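Engineer: My questions will all concern the structure given below.
What follows draws every value from the coordinates through simple rules; no lab data is involved. Quantities reported herein were computed from a predicted structural model and do not represent experimental measurements. All Cβ positions, glycine included, derive from the backbone under ideal geometry; neighbour counts span all protein chains shown.
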Amino acid sequence: MSRAKVVVTDYIEPDLDWEAGELAKRDIEFAAYQLKFAPQEEVIAAIRDADVLIVNMRPITAEIINALERCKLIIRHGVGYDNIDLGAAAARGIRVANEPEYCLEEVAEQTVALMMACARGLFQSRHLLELAVEKGQWDFSGLRPAHRLKSQTLGIIGCGRIGSRVYHRTEGFGMRRIICDPYLPEKHLRYLGIDRRYELDELLAESDIVTLHCPLNDETRHMINEEKLQMMKPSAYLVNTARGAIVDTEALTKALEEGWIAGAGVDVYEIEPPPGDLGLLQQENATLSAHLAWYSEESGWQIREDILEDVYRCLAGEPPLSTINPQVEQVLGDRVYREV
Ligand code: NAI
């Protein structure tokens with residue numbers, strides 16, 4: 001029997017020496033490539049005989065999946081998985097996994113950082129400091145109004161893994177916290193100690209800070225559009241560390257320009273990296289970060305460990321911790337049935 005083989009299509013780490021060493025200890029063959037932009041034939045030639053495929057940004061199309069000869073698992077290095085054809089993998093009996101746990105704390109922390117940067121006008125404050133240094137005197141005439149967070153309302157849209165961490169982290173601020181999450185199980189609501197969930201429009205109208213933590217899908221794409229932004233208070237802030245396309249960027253830019261809301265804290269964009277003419281870049285009341293909410297030294301290591309755990313589970317015949325194409329179980333079940 002040939003050795004099990006793990007192949008990486010593309011990666012963001014400086015090197016994968018740690019993975020190579022760990023897999024070698026278990027006599028597992030390992031090959032890592034940088035094929036993010038490579039032609040499809042080159043990708044197929046490199047990954048054809050993989051038992052486990054690890055993918056970062058490389059699109060994994062049905063053609064690539066159909067060329068896999070013995071693959072049992074495709075692991076997406078990260079949370080989102082729109083670059084992998086899940087249906088094609090399921091049809092071939094290949095499980096697809098993501099790694100949803102590695103950066104929950106970091107994203108919650110970045111959310112609070114963006115909230116605070118907006119509410120305290122941190123970036124404007126630096127600008128005022130620079131002006132004062134230049135002029136040799138303080139000039140606060142352009143100061144934007146700031147409000148004490150205590151007793152203000154924080155609205156959390158999507159209160160799953162990250163949203164509920166934001167809920168816990170903001171406990172000490174003395175804010176009233178409300179949530180909108182039509183799909184959150186009652187059990188989870190009770191665990192958070194929340195007695196009611198709000199409708200989206202109601203939450204938008206009542207919140208001083210609105211933060212987004214739902215997935216991007218057909219229901220949530222452009223969920224925050226012109227109409228919804230106009231429902232928010234003129235003194236409110238919108239924070240988005242979830243996915244860019246949940247918000248209509250043009251509408252948000254207009255809202256910031258015309259003062260429908262006081263500002264926004266944004267980590268994620270509809271097009272990434274965003275084009276140079278992104279209107280948000282011109283808005284002084286937009287606090288922007290570079291889709292780095294996931295990042296820390298700890299999360300960087302945690303995802304590497306989580307991925308290897310899924311590799312070992314797969315090679316031991318077990319499913320990964322998070323299967324994102326559950327329809328595969330039907331195909332795998334039918335296969336066992338046929339083999340019996
Ligand atoms: P999760 O699946 O644990 O929670 C999502 C929650 O949204 C669930 O409770 C679900 O019921 C709720 N939801 C679904 N549809 C909704 C709707 N229409 N309205 C309101 N709530 C709705 O997901 P998790 O792990 O908390 O991730 C949240 C977001 O954070 C995702 O969009 C993910 O892509 C993003 N993310 C961003 C990162 C970054 O670096 N900026 C890194 C990791 C995740």
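Engineer: Do any of 36/233; 135/233; 5/36; 72/187 go past 31 Å between their Cα atoms, and which?
Structural biologist: Over 31 Å Cα-Cα: 36/233; 135/233; 72/187.
Engineer: Could you compute the net charge surrounding residue 115? Neighbours are other residues with a C-beta less than 11 Å from the C-beta of residue 115; K and R count +1, D and E count -1.
Structural biologist: So the surrounding residues net to 0.
Engineer: Counting other C-beta atoms within 10 Å, and keeping those with at most 16, which DSSP coil chymotrypsin sites (Phe, Trp or Tyr not before Pro) do you find in the stretch 1-79?
Structural biologist: Passing sites in the stretch 1-79 are 33, 37.
Engineer: Got a sec? How would 231, 115 order by Cβ neighbour count within 10 Å, fewest to most?
Structural biologist: Fewest-to-most Cβ neighbours within 10 Å comes out as 231, 115.
Engineer: Which of 141, 296, 151 comes first, and how do the rest follow, when ranked by fewest Cβ neighbours within 10 Å?
Structural biologist: Lowest to highest Cβ neighbour count: 141, 151, 296.
Engineer: Can you pull out the chymotrypsin sites (Phe, Trp or Tyr not before Pro) in the stretch 98-148 that DSSP calls coil and that have at most 15 other Cβ atoms within 10 Å?
Structural biologist: Counting only loop positions with at most 15 other Cβ atoms within 10 Å, the chymotrypsin sites (Phe, Trp or Tyr not before Pro) in the stretch 98-148 are 138, 140.
Engineer: What residue among 245, 220, 234 has its Cα farthest toward the positive end of the dipole of the stretch 201-252, where the charges are +1 on Lys, Arg and -1 on Asp, Glu, each on the Cβ?
Structural biologist: Toward the positive end, the furthest listed residue is 245.
Engineer: Could you pull out the longest piece of the chain with no exposed loop GluC sites (Glu not before Pro) in it, calling a site exposed if DSSP puts it outside H, G, I, E, B and it has at most 13 other Cβ atoms within 10 Å?
Structural biologist: With GluC sites (Glu not before Pro) excluded where exposed in loops, the chain gives 70-198 as its longest stretch.
Engineer: Can I ask one more? Quick one: which residues, 5 or more positions from residue 287 or on another chain, have an amide H under 5 Å from its amide H? H modelled 1.01 Å from N in the peptide plane, none for Pro or chain starts.
Structural biologist: 264, 265, 266
Engineer: Restricting to Cα pairs below 8 Å that are 6+ residues apart, what does the relative contact order work out to for the chain? Please round to a whole percent.
Structural biologist: Answer for the chain is 17 percent.
Engineer: Right, here's the next one. Which trypsin sites (Lys or Arg not before Pro) does the stretch 146-179 hold that lie in a coil by DSSP with at most 11 other beta carbons within 10 Å?
Structural biologist: Within the stretch 146-179, the qualifying trypsin sites (Lys or Arg not before Pro) (loop, at most 11 other Cβ atoms within 10 Å) are 148, 150.
Engineer: Using a simple charge model, +1 on the beta-carbon of Lys and Arg, -1 on the beta-carbon of Asp and Glu, nothing else, what dipole does the chain show about its Cα centre, in debye to the nearest 20?
Structural biologist: Here the chain has a charge dipole of around 820 debye.
Engineer: Here's another thing I want to ask about it. How large is the dipole of the stretch 167-237 about the Cα centre if only Lys and Arg carry +1 and Asp and Glu carry -1, each at its Cβ, rounded to the nearest 20 debye?
Structural biologist: Its charge dipole is roughly 340 debye.
Engineer: Count charges around residue 38 for me, please; just the other residues with Cβ under 10 Å from its Cβ, Lys/Arg as +1, Asp/Glu as -1.
Structural biologist: -1
Engineer: Just how large is the dipole of the stretch 104-288 about the Cα centre, in debye to the nearest 20, putting +1 at every Lys and Arg Cβ and -1 at every Asp and Glu Cβ?
Structural biologist: 860
Engineer: Can you put 294, 301 in order of Cβ neighbours within 10 angstrom, beginning with the fewest?
Structural biologist: Starting with the residue having the fewest Cβ neighbours, the order is 301, 294.
Engineer: Is the stretch 275-340 best put as rounded, prolate or oblate by its Cα gyration tensor, with a ≥ b ≥ c the root eigenvalues, rounded for a/c under 1.5, and otherwise prolate when a/b is larger than b/c, oblate when not?
Structural biologist: Here the stretch 275-340 falls in the oblate category.
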